[in-house]
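Just so it is clear, none of the values below were taken in a lab; they were calculated from the coordinates. Because the structure is predicted, anything quoted here is derived from the model rather than measured. With ideal geometry, Cβ positions are generated from the backbone for all residues, glycine too; neighbour counts draw on all protein chains shown.
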Amino acid sequence: AQSVTQPDIHITVSEGASLELRCNYSYGATPYLFWYVQSPGQGLQLLLKYFSGDTLVQGIKGFEAEFKRSQSSFNLRKPSVHWSDAAEYFCAVGRDQGGKLIFGQGTELSVKP
Amino acid sequence: DSGVTQTPKHLITATGQRVTLRCSPRSGDLSVYWYQQSLDQGLQFLIQYYNGEERAKGNILERFSAQQFPDLHSELNLSSLELGDSALYFCASSVGASGGATETQYFGPGTRLLVL
């Protein structure tokens, strides 16, 4: 069965520091991978997605993610975190049959001044 | 703003009651998806409708039902409510039917349901 694991429930980084949020997936075929961000009281906003092609994907707000098939990972990165990046981040995998997205448990990011 | 609207934003009700959550997709989107976000289960896919027809089903309880109307808005009906149904319910939409694959799902702000 497909699954997504985000090993870190909560991460705290200092403003201006780099960030990496981990995501591992389990899926038998070509994965379709997404990162969403949820700010307090808000819905989910798409940061970036990977369908095929270049394994380094650029997203909005300065985020990028790298697809590594050998490690079944799709880690999210940002070189310099801003206080406004504090939110919960969800990794998700989609299937090529049906519209279902399978989400990880989320990583809550706190940013220290 | 994703263009997906959900009403109401908040809903407080009692156990045993029935509620209806409403979702309007982005203009031009034919698919609507419902998700439940709870502390213990995380974000779970419930059901997808595409152009009025049920397309995919997830972990949706028999007490829950949904439909998509000719104007493409969707309603999620939750009946015989239990304390454990308290959650944030999201609606998402996409252009076509394969929103879990090569399409992007755009999420609404959610409806927060509290069952007392």
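Just one of (1) free of Cβ contacts under 8 Å to residues at least 60 places away in the same chain; (2) more than 11 Å from chain B (Cβ to nearest Cβ); (3) in a strand (DSSP E or B) fails for residue A:84. It is (3). For the stretch B:12-70, filtering for residues that are among the hydrophobic types (A, V, I, L, M, F, W, C) and out of contact with any strand residue (DSSP E or B) (no Cβ under 8 Å at 6 or more places or on another chain) leaves 2.
Annotation note: of B:26, B:55, the sole residue that is in a strand (DSSP E or B), within 14 Å of chain A (Cβ to nearest Cβ), surrounded by 14 or more Cβ atoms within 10 Å (Cβ to Cβ) and in contact (Cβ under 8 Å) with a residue 40 or more places away in the chain is B:55.
Results for (1) touching a Cys at 6+ places or on another chain (Cβ under 7 Å); (2) under 23 Å from residue B:90 (Cα atoms); (3) crowded, with 16+ Cβ neighbours inside 10 Å, shown as yes or no for each residue.
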| site | (1), (2), (3) |
| --- | --- |
| A:13 | no, no, yes |
| A:35 | yes, yes, yes |
| A:41 | no, yes, no |
| A:48 | no, yes, yes |
| A:56 | no, no, no |
| A:89 | no, yes, yes |
| A:110 | no, no, no |
| A:113 | no, no, no |
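Among all residues of the stretch A:91-106, there is none that is out of contact with any Lys or Arg (no Cβ under 6 Å at 6 or more places or on another chain), away from chain B (no Cβ under 11 Å) and in contact (Cβ under 8 Å) with a residue 12 or more places away in the chain.
From the list B:74, B:93, the lone residue that is under 27 Å from residue A:5 (Cα atoms) and within 14 Å of another protein chain (Cβ to nearest Cβ) is B:93. Here the stretch A:24-39 is the region considered, the condition is being of a type in the set (S, T, N, Q) and more than 10 Å from chain B (Cβ to nearest Cβ), and the residue that is farthest from residue A:2 (Cα to Cα) is A:39. Of the strands (runs of 3 or more DSSP E) lying entirely inside the stretch A:1-65, the ones with 1 or more residues being more than 16 Å from residue B:106 (Cβ to Cβ) and not aliphatic (A, V, I, L, M) are found at A:3-5, A:10-14, A:19-21, A:24-26, A:44-50, A:56-58.
Close contacts from the stretch A:49-63, counting a first residue that is closer than 13 Å to residue A:77 by Cβ and a second that is assigned to a strand (DSSP E or B) and among the hydroxyl-bearing types (Ser, Thr, Tyr), with Cβ to Cβ under 7 Å and a gap of 6+ residues or different chains, come to A:57/A:50.
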